[in-house]
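Report on the following structure.
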């Protein structure tokens, strides 16, 4: 029923935790597609472990690290009707796949489900934004549907071109690929509901502080993705202005010392860069 697309790069031990959670699943009708972006063989022991467990496994090797491209390669290789996109450092509860499968069997018109991310700081109320609504998302008020929470009809994802490979980790537009996919699916008429009873886990916490320069660089890179989304999807002017001017007042309403000022500056610069660059290039 499910193609679980695991795009992985750089990690080792965390993959074992995900594998443990898959071995505990009460619903076992899935294939695992490992989209491996490493140049070495670090992932091979986990691929062999999955095969010993009797799972259907595909091991894809990609020459260049690109999270969106890796996920797209997995989607094209998928043989099951539904796909999920677990990160290499997340894990499922034992009944997650069973709960999703049960709901999908009951709702033939649904094109996808967004399950609950247990550790998420900004929790989503069970009744919030279900099914997901395009106009809500076009104002960035659709709460959250991180990629690790999504179970989507594979053909529907492919019909909109999958993830935009210009967006995401490792790209100049360093984020936004998840929201971009949701916006594209909703604009194409897809019905995505929330299923809070099914849960995924992923550590959620502040990144370790390295330096002010690193804080600025990381915030700036990720924020370019936000600006690109506004330009690509021609989001409402009110949403654009709020997002482009908001970082100016963040230090006043939620002070976080010098590091907070640097992060806000990075977001401000990055959002403007992403928006203007996308408008000029595309």
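The values are calculated or read from the model by the stated rules, or taken from the named source; none is laboratory data. Quick caveat, the model's predicted, so the values are computed rather than measured. Virtual Cβ from ideal backbone geometry, glycine too; neighbours counted across all protein chains shown.
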Search result, residues across the stretch 80-119 that are out of contact with any helix residue (DSSP H, G or I) (no Cβ under 9 Å at 6 or more places or on another chain) and either touching a residue at least 12 places away in the same chain (Cβ under 8 Å) or within 22 Å of residue 8 (Cα to Cα) (or both) = 95, 98, 99, 100, 101, 103, 104, 107, 109, 118, 119
Given the conditions (1) free of Cβ contacts under 8 Å to residues at least 24 places away in the same chain; (2) surrounded by 13 or more Cβ atoms within 10 Å (Cβ to Cβ); (3) not in a helix (DSSP H, G or I), which single one is not true for residue 47?
-> (3)
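Here's the yes/no breakdown for (1) over 27 Å from residue 172 (Cβ atoms); (2) touching a strand residue (DSSP E or B) at 6+ places or on another chain (Cβ under 8 Å):
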| site | (1), (2) |
| --- | --- |
| 39 | no, no |
| 66 | no, no |
| 80 | yes, yes |
| 83 | no, yes |
| 100 | yes, yes |
| 114 | yes, yes |
| 137 | no, no |
Do you know which residues across the stretch 168-181 are closer than 26 Å to residue 118 by Cβ and either in contact (Cβ under 8 Å) with a residue 40 or more places away in the chain or part of a loop (DSSP other than H, G, I, E, B) (or both)?
-> 168, 169, 174, 175, 176, 177, 179, 180
Subset of the stretch 237-254 that is assigned to a helix (DSSP H, G or I) and at pLDDT below 85 - its residue that is nearest to the chain's Cα centre (by Cα) = 250
Matching residues, the stretch 255-268, being closer than 19 Å to residue 173 by Cβ and more than 23 Å from the chain's Cα centre (by Cα) | 265
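Rundown of residues vs (1) over 21 Å from residue 165 (Cβ atoms); (2) surrounded by 14 or more Cβ atoms within 10 Å (Cβ to Cβ); (3) assigned by TED's automatic domain parsing to the domain that holds residue 148, yes/no style:
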{"position": "188", "(1), (2), (3)": "no, no, yes"}
{"position": "221", "(1), (2), (3)": "no, yes, no"}
{"position": "233", "(1), (2), (3)": "no, yes, no"}
{"position": "240", "(1), (2), (3)": "yes, yes, no"}
{"position": "253", "(1), (2), (3)": "yes, no, no"}
{"position": "263", "(1), (2), (3)": "yes, yes, no"}
{"position": "270", "(1), (2), (3)": "no, yes, no"}
Which pairs have Cβ atoms under 7 Å, sit 6 or more apart or on different chains, and link a residue in the stretch 130-153 that is without any contact (Cβ under 8 Å) to a residue 24 or more places away in the chain to one that is surrounded by fewer than 18 Cβ atoms within 10 Å (Cβ to Cβ)?
-> 143/128
Selected residue (criterion: surrounded by the most Cβ atoms within 10 Å (Cβ to Cβ)) from residues of the stretch 17-31 that are under 20 Å from the mean Cα position of the chain (by Cα) and in a helix (DSSP H, G or I) | 18
